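No lab work stands behind these numbers, since they all come straight from the coordinates. In this text, all values refer to a predicted model and were calculated from it rather than measured experimentally. Cβ sites come from the backbone with ideal geometry, for glycine too, and all protein chains shown count toward neighbours.
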């Protein structure tokens, strides 16, 4: 049986693409392995959203050159957004690379492998959703599943390469998504996360059009309280009152939203072409929190965007403070090919970007710690999804509905169990607690723990 080594860089969309690659190649007889030296096929699934992720992929690729020389028959492929971005250039640059495949052409990988010694390139974009329903997916988890509902982006923010690597917005038919989730439910999955570059823009180009809220309502009816539902990442401008109402009322929909802001400065937001102002964003936050007071809010922030002044940066810090985020991904700006921001002359120095990153992270961590400490003494619902063995004790971990990581001791719970945990400790990154019910849970209400009953008490 031929052996596959797969290395994934980047976002949840890339994680799902890797699951698709493994599924495709399992059907061709490949076995997924960990050790580089054992592999007959090595694939790097890459991310181009930031320069650091791209360089990490190149660095890892370089480590396989000697292995390729020593091991006859070893084939090496590069997939994902860097593949789409660079195309033939990669084959020219790395003579030991056998094939390059963009995100919309994953199903071509088996064909390229069957071509034998011929080096292959597959980077054509498709006008429709690019991964057929019939194509297999090898899920990494038996508890949580990624479900792509759309691909691409029409926003063309000046810093972002996604429209160039994943193309324009394309939505899957609503019923196709629902059937995939119904199948996951039947297989025992406890949580799904809906994926899209602007996930709440779903359905606008379908004929007839569908809406994101319509999709959420349909999914809620299908899962019947037996699965959690999340989504990422929404575009702030498309957050509507209908979406806020859905988040407050649909039992399956978790009390967490990742709402990328990128900057707190109106001047910088205009230069980024984000399509909203600071005040617009804060009104969306107010709408969501008014409807769901328990909502946990996370975000993406870029520091050191071209032309960002100290005043612009201070406005970002003040926004972080005003919103009081539960967490955030904060990055230094990096130039991306083909983007308008890369051509701007007023680039910020690495020294300044580094200082601003450190300052923003310091503020964020203090706020995250404060919000996590508010959980002390509370009892929370935790979906167990992995074990963390430390010393001689088994530490179990899972996430709350608000997407908080909780570590606790216990020998009873296994992956997929829904348990109750009393929170006894908090850090900026996670919570600690004590297990108070290990035999599962069922909730009749969305947020009311008083409705909890152990499964053993449910006839």
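How many Å³ per residue does the convex hull of the Cα positions in the range 3-122 occupy? If you can, show how the numbers build up before the last one.
Values: hull volume 11.2 nm³, N = 120.
Convex hull volume per residue, Cα atoms: 93 Å³.
Taking the Cβ of each residue in 222, 396 as the centre, tally the other Cβ atoms inside 10 Å and list the residues starting with the fewest. Could you put the intermediate results ahead of the total?
Details: 222 18, 396 26.
With the fewest neighbours first, 222, 396 line up as 222, 396.
Determine the gain in length on full extension of the stretch residue 126-residue 182; use 0.36 nm per residue of separation and subtract their C-alpha separation, reporting nm with one decimal.
Values: separation 56, 0.36 × 56 = 20.16 nm, distance 2.67 nm.
Length gained, residue 126 through residue 182: 17.5 nm.
Given the Cα-Cα distance of residue 51 and residue 321 and 0.36 nm per residue of separation, how much length would full extension add, in nm?
Details: separation 270, 0.36 × 270 = 97.20 nm, distance 2.82 nm.
Separation in residues times 0.36 nm, less the Cα-Cα distance, equals 94.4 nm.
At what distance in nm do the modelled label points of residue 139 and residue 37 sit from each other, each positioned 7 Å from its Cα along Cα→Cβ?
Once both label points are built, they end up 3.5 nm from each other.
Just one of (1) 1.12; (2) 0.93; (3) 1.01 is Cα Rg over 2.2 N^0.38 Å as worked out from the coordinates here. Which one is it?
For Cα Rg over 2.2 N^0.38 Å, the calculated option is (3).
Cut-off is 10 Å between beta-carbons; in what order do 330, 149, 33 appear when sorted fewest neighbours first? Let's see the in-between values first.
Values: 330 21, 149 24, 33 16.
Sorted ascending by nearby Cβ count, the order is 33, 330, 149.
Can you tell me the FRET efficiency between residue 291 and residue 118 if r is taken as the Cβ-Cβ distance and R0 is 51 Å, rounded to the nearest 0.05? Working shown, then result.
Values: r = 56 Å, r/R0 = 1.10.
So the FRET efficiency works out to roughly 0.35.
Do the sum for the chain: with -39,500 (n - 2.57) for every DSSP H run of n ≥ 4, divided by all residues, what is the mean residue ellipticity at 222 nm, to the nearest 500 deg cm²/dmol? Write down the numbers at each step before the final one.
Working: 14 runs with 149 residues, N = 459.
Mean residue ellipticity at 222 nm (helix-derived): -9500 deg cm²/dmol.
If R0 is 56 Å, what FRET efficiency do you get for residue 218 and residue 267 from their C-beta distance, rounded to 0.05?
Working: r = 41 Å, r/R0 = 0.73.
The formula returns an efficiency of 0.85 here.
Based on alpha-carbon centroids, what's the gap between the range 243-296 and the range 1-38 in Å, whole number please?
For the range 243-296 versus the range 1-38, the Cα centre distance is 35 Å.
If I take R0 = 51 Å and measure r between the Cβ atoms of residue 344 and residue 245 in this structure, what FRET efficiency does the formula 1/(1 + (r/R0)^6) give, to the nearest 0.05? Mind showing how you got there, number by number?
Working: r = 40 Å, r/R0 = 0.78.
It comes to 0.80.
How would you rank 15-23, 207-215, highest first, on the average number of other Cβ atoms within 10 Å across their residues?
Working: 15-23: 21.0, 207-215: 16.2.
Ranking, from highest mean packing down: 15-23, 207-215.
With an 8 Å Cα cut-off and a minimum separation of 6 or more residues, compute the relative contact order for the range 9-74 in percent. Each step should come with its number before you reach the end.
On the way: 34 pairs, mean separation 25.2, N = 66.
The value is 38 percent.
Taking N as the number of residues in the range 295-391, what is its Cα Rg relative to 2.2 N^0.38 Å?
Here the answer is 1.39, to two decimals.
Provide 419, 133 in ascending order of the number of other Cβ atoms located within 10 Å of each residue's Cβ, fewest first. Can you show the working numbers first?
Numbers: 419 25, 133 11.
The order, fewest Cβ neighbours first, is 133, 419.
Can you tell me how the range 94-218 classifies by the Cα gyration tensor, rounded, prolate or oblate, using a/c under 1.5 as the rounded cut? Before the final figure, lay out each step's value.
On the way: a/c = 2.18, a/b = 1.36, b/c = 1.61.
Since a/c reaches 1.5 but b/c is at least a/b, the shape of the range 94-218 is classed as oblate.
In nanometres, what is the gap between the two model label sites at residue 168 and residue 70, each 7 Å from Cα along Cα-to-Cβ?
Going from the residue 168 label point to the residue 70 one covers 4.9 nm.
For the chain, give me the percentage of DSSP beta bridges that are antiparallel, rounded to the nearest 5 percent. Could the numbers behind the result be given before it?
Working: 27 of 71 bridges.
Around 40 percent of the beta bridges assigned by DSSP in the chain are antiparallel ones.
List residues of the range 61-98, by number, whose backbone nitrogen lies under 15 Å from a label position 7 Å along Cα→C-beta of residue 28.
So the set is 73-80, 98.
Residue separation times 0.36 nm, minus the C-alpha to C-alpha distance between residue 88 and residue 427: what's the value?
On the way: separation 339, 0.36 × 339 = 122.04 nm, distance 4.68 nm.
Roughly 117.4 nm would be gained on extension.
Which of rounded, prolate or oblate describes the range 178-218 when judged by the alpha-carbon gyration tensor and an a/c cut-off of 1.5? Walk me through the numbers on the way to the answer.
Details: a/c = 2.74, a/b = 1.88, b/c = 1.46.
It comes out prolate by the Cα gyration axes.
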